[in-house]
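Enquirer: Let me begin by handing over the structure; questions about it come next.
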């Protein structure tokens, strides 16, 4: 913990749909407005025009469509690999990338190492719940095709994450499926449910609440919800799409009314609380370090929020809590 | 077409979380307020206290948790089986059930028969899109575990449905997955994508638009989106949960403002347009008749809307359009 206190967030300046411009702009906001220490990783010539921030040079960029594992192995001077090395080498507290998700995962896995007992890392996001702590949903995109035992590991990692982040003493875990009755789901869920039911959750200081449906994500029915990365990513993207639709139509309609300011002021705090830009950064759980994954389309504001968020998480005891949640 | 014109909707009075009370109340609203012809199917003693509507007697009820296929075979005097028979026998234009979804599917399949070329029926829902016709999403829960070729059949059925329902001449079909690039997805999507890409869609008077992400459901990026029933059901339930959350918090916050009436009036039409209660009834595509499936938790209003919706659909040329969309 104390070893990484105050160390900067290593930001992959070259990753993202509009990198480096939007990423660097976000890093500047984080540094100047939020007072978060930041170090950019990438091509100094392309970055330095935009910001006067510390830079770790990296000459290569792994493109969005590239085969991630292969690229990370061959492009050793790529920005994402260098960012992960900065964390490994104690030069940064954590890393953040809005680039190729697979490459961010592979670089984090290869450079930071895997926590014992974890087959595959998973991306966790806090799904905001009104009037409650968020529900942690994982996996939201690291593993499109999962084995049943991985979902159990996701649950255990989620327990550690919840405990560190929100001080939830006895996290409740559920599995995302399509009916409340036991035995409902696809083959993966049926097999994973059996494994989840066999565990003595008391030993892990957690509680298994069983099957949850999509709507239960909104109500705080569990602290941790596990699913495969295909399902989780679609749920995440659909949710963000619906948020954006409500945000735009409601604000547009209310703006036309005679008391627009008052109406907008009434709803804005809740919109801000739910805003995926505020909470949407995923954390790759299962590696020995804090590795954060943002959407490729992140705006500068989203990047700045993600950096601030990453920094906060890096100052918690997350990795140790996840490590200890894996054993009784 | 003309043979079923004006025939009543056969409503499974015994299916639903609060059946028969809520279902019968919904049927009364549909009959009295919407002027839709309705016939209730179920135990006359339990129904007749509540409504003075025509009844097809049925002595058995398939419970929510029951093994659907087995129950439909053995419980020949169950309300859902009798409702399907009413359609088969030309006594009703269509059927609606809020009971055991599997039983509704099995009864429809066994009593109405399967359309040639369809391996498995799928449940389709119109996903509302602002400023556009809805996007038809299927399967939303009939098949938790799918074969790749079924997704192709879902696409073809969706084309017929869109064409009949919204007069879309050249429907655009996409596949729900987790990245825009070809080859992104789980094993099912990878295999199904290959099949979808091989088809000459021009021959079917349709267009294949490829990979879509969750957010694309909101933007009208396609007219038909195919996925397995596990993913589709989770997307549907999550979307409904988010709608309900926005509906309740926004109305609560605006109610406290000084111009609450004006603010609420400004947003209500769009909320009504998006309301899952208005559009949420699924249609089982692939059987030779109109079979509608409502949520078990449907309120009387939701049931009434579903009945009205079912009646409208039964008066269209849906089944023939779907049949003809299956062949070049």
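Enquirer: Against the conditions (1) over 23 Å from residue A:322 (Cβ atoms); (2) free of Cβ contacts under 8 Å to residues at least 24 places away in the same chain, where does residue A:130 fall short? Just the number, please.
Expert: Going through (1) over 23 Å from residue A:322 (Cβ atoms); (2) free of Cβ contacts under 8 Å to residues at least 24 places away in the same chain one by one, residue A:130 breaks only (2).
Quick grid of which residues meet (1) buried (at least 21 other Cβ atoms within 10 Å of the Cβ); (2) in contact with a helix residue (DSSP H, G or I) (Cβ under 7 Å, 6 or more places away or on another chain); (3) not assigned by TED's automatic domain parsing to the domain that holds residue B:164:
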| residue | (1), (2), (3) |
| --- | --- |
| B:293 | yes, yes, yes |
| B:299 | no, yes, yes |
| B:305 | yes, yes, yes |
| B:311 | yes, no, yes |
| B:325 | yes, yes, yes |
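Enquirer: Ok, one more. Collect the residues in region B:48-71 that are outside any loop (DSSP other than H, G, I, E, B), more than 30 Å from residue A:183 (Cβ to Cβ) and within 25 Å of the chain's Cα centre (by Cα), keeping them in residue-number order.
Expert: Once the filter is applied, which keeps residues that are outside any loop (DSSP other than H, G, I, E, B), more than 30 Å from residue A:183 (Cβ to Cβ) and within 25 Å of the chain's Cα centre (by Cα), region B:48-71 yields B:55, B:56.
Enquirer: Just give me the residues in region A:259-284 being over 25 Å from residue A:17 (Cβ atoms) and touching a residue at least 12 places away in the same chain (Cβ under 8 Å), in sequence order. If you could, list the steps in order and put the result at the bottom.
Expert: So in region A:259-284, the residues over 25 Å from residue A:17 (Cβ atoms) come out as A:259-270, A:273.
Within region A:259-284, A:264, A:267, A:270, A:273 qualify.
Enquirer: Something else about it: Where in region B:85-195 are there strands (runs of 3 or more DSSP E), lying wholly inside it, with at least 2 residues that are under 29 Å from residue A:141 (Cα atoms)? I'd like the intermediate steps shown before the answer.
Expert: Details: elements: B:94-97, B:122-127, B:135-138, B:172-176.
Of the strands (runs of 3 or more DSSP E) lying wholly inside region B:85-195, those with at least 2 residues that are under 29 Å from residue A:141 (Cα atoms) span B:122-127, B:135-138, B:172-176.
Enquirer: Any chance region A:185-196 includes a residue that's surrounded by fewer than 16 Cβ atoms within 10 Å (Cβ to Cβ) and facing chain B (nearest Cβ under 9 Å)?
Expert: Yes, there is a match, as at least one residue in region A:185-196 is surrounded by fewer than 16 Cβ atoms within 10 Å (Cβ to Cβ) and facing chain B (nearest Cβ under 9 Å).
Enquirer: Still on this structure: Restricting attention to helices (runs of 4 or more DSSP H) lying wholly within region A:212-311, give those where 3 or more residues are within 7 Å of chain B (Cβ to nearest Cβ).
Expert: Here the list reads A:229-255, A:260-274.
Enquirer: Report the residue count in region B:169-182 for those that are buried (at least 17 other Cβ atoms within 10 Å of the Cβ), within 30 Å of residue B:317 (Cβ to Cβ) and at pLDDT below 95.
Expert: The total comes to 0.
Enquirer: Would you call residue A:206 crowded, with 16+ Cβ neighbours inside 10 Å, within 24 Å of residue B:249 (Cβ to Cβ) and either modelled with pLDDT of 95 or more or within 13 Å of chain B (Cβ to nearest Cβ) (or both)? Step through it out loud before you land on a result.
Expert: On the way: crowded, with 16+ Cβ neighbours inside 10 Å: yes; within 24 Å of residue B:249 (Cβ to Cβ): no; either modelled with pLDDT of 95 or more or within 13 Å of chain B (Cβ to nearest Cβ) (or both): yes.
The answer is no for residue A:206.
Enquirer: Return the residues of region A:37-62 that are modelled with pLDDT of 95 or more, closer than 19 Å to residue A:93 by Cβ and buried (at least 20 other Cβ atoms within 10 Å of the Cβ); say none if nothing qualifies.
Expert: A:38, A:39, A:40, A:41, A:42, A:56, A:58, listed by residue number.
The values are calculated or read from the model by the stated rules, or taken from the named source; none is laboratory data. Computed from a predicted model, the values in this text were never measured in an experiment. All Cβ positions, glycine included, derive from the backbone under ideal geometry; neighbour counts span all protein chains shown.
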